[in-house]
Amino acid sequence: MEKDTNLKKVMTIITAIITIILVAFIIYAIKMNLLTDPSILVDKIKGYGLIAPFIFLLIQIVQVVFPVIPGGASCLAGVLAFGPIEGFIYNYVGLTLGSIVAFLLSRNFGLPLINKLFAKETVDKYLKYIRHKQFSKVFFLGILLPGAPDDLLCYIAGISGLTFFKFLIIILLGKPLTLIFYSLFVKVF
């Protein structure tokens, strides 16, 4: 019991630190117009030289945890900045890490956090699925299909009965298809 309490305290501290870092980054991104214009975002990313991939990973993590940047736009920015293969890899790693953070934040802070980040109507629409025995299938389809509210679904998965391991497997298997779609979309156009 004491071990669980200590783990929960450590997770809360880590979550608080990550949240502070992400909020600081969002404030910076808003001031630099990185959230409104993909070309500014691409130019800014490229300007960081060797650390550009790490900056981009941070952007992808932030855009999942604090859904202020449309996910499709940041994925396209990654492909434009790094090319289809490296862009895919950086998108995949960043979005996977962001999804994990969102899941853990939700697991620790619950529905009140979700309601602060997303419109109540949207949250209510997807909450009904966690009561469904097939939630893991619904979650997998939401992660797999481009355009689905996967950030919200990661948060909702955190308050569902889905285990972290099953969540991770779904993210690892479901994310690539959407990212390949974005990579090919840029290549075609």
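The values are calculated or read from the model by the stated rules, or taken from the named source; none is laboratory data. The structure displayed is predicted, hence computed values, not measured ones. Please note: Cβ atoms are built from the backbone with ideal geometry, for glycine as well, and neighbour counts cover all protein chains shown.
Computed values, structure above
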| read-out | value |
| --- | --- |
| Options Ile143, Ile85, Ile156, Ile114; residue that is among the β-branched types (Val, Ile, Thr) and in contact with an Asp or Glu (Cβ under 7 Å, 6 or more places away or on another chain) | Ile143 |
| Any hit, the range 116-136, residues being part of a helix (DSSP H, G or I) and in contact (Cβ under 8 Å) with a residue 40 or more places away in the chain | yes |
| Filtered residues of the range 169-189 (kept if of a type in the set (Val, Ile, Thr) and modelled with pLDDT under 85) | Thr178, Ile180, Val186, Val188 |
| Residue match in the range 150-168 (condition: at pLDDT below 85 and either closer than 16 Å to Phe66 by Cβ or in contact with a Leu (Cβ under 7 Å, 6 or more places away or on another chain) (or both)) | no |
| Of all residues making up the range 43-78, the number that are without any contact (Cβ under 8 Å) to a residue 12 or more places away in the chain and part of a helix (DSSP H, G or I) | 6 |
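Yes/no matrix, rows are residues, columns are (1) of a type in the set (Gly, Ala, Ser); (2) in contact with a helix residue (DSSP H, G or I) (Cβ under 7 Å, 6 or more places away or on another chain); (3) surrounded by fewer than 17 Cβ atoms within 10 Å (Cβ to Cβ); (4) within 24 Å of Val10 (Cβ to Cβ):
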residue: Gly98; (1), (2), (3), (4): yes, yes, no, yes
residue: Pro112; (1), (2), (3), (4): no, no, yes, yes
residue: Lys128; (1), (2), (3), (4): no, no, yes, no
residue: Phe140; (1), (2), (3), (4): no, yes, no, no
residue: Tyr155; (1), (2), (3), (4): no, yes, no, yes
residue: Phe181; (1), (2), (3), (4): no, no, yes, no
